[in-house]
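> First, the structure itself, so that you have it in front of you.
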């Protein structure tokens with residue numbers, strides 16, 4: 001017997017909500033790191049674009065790792 005649409009929707013939401021919550025938390029963390037980076041730099045220092053991009057590398061790797069984990073988990 002096939003599951004009812006309501007049961008399927010409930011299962012999809014139960015899987016999606018934790019992932020979305022973690023994605024939002026990671027986005028906030030990345031933006032917080034970037035804000036700290038911008039507001040604490042000395043005023044007479046001009047960084048090149050690769051320095052600004054590197055601020056997102058560490059949290060970005062963790063975020064992509066979480067996406068991969070969710071994709072493998074199913």
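> All but one of (1) without any contact (Cβ under 8 Å) to a residue 40 or more places away in the chain; (2) surrounded by 11 or more Cβ atoms within 10 Å (Cβ to Cβ) hold for residue 14; state the number of the condition that does not hold.
(2)
> Tell me yes or no: at least one residue of region 34-41 is without any contact (Cβ under 8 Å) to a residue 12 or more places away in the chain and exposed (fewer than 10 other Cβ atoms within 10 Å of the Cβ).
yes
> Can you give me the number of residues within region 25-55 that are closer than 20 Å to residue 67 by Cβ and part of a loop (DSSP other than H, G, I, E, B)?
1
Where a number appears in this text, it was derived from the coordinates with a stated rule and is not lab data. Small disclaimer: the values here were computed from a predicted structure and weren't measured. So basically every Cβ, Gly included, is an ideal-geometry build from the backbone, and we count neighbours across all protein chains shown.
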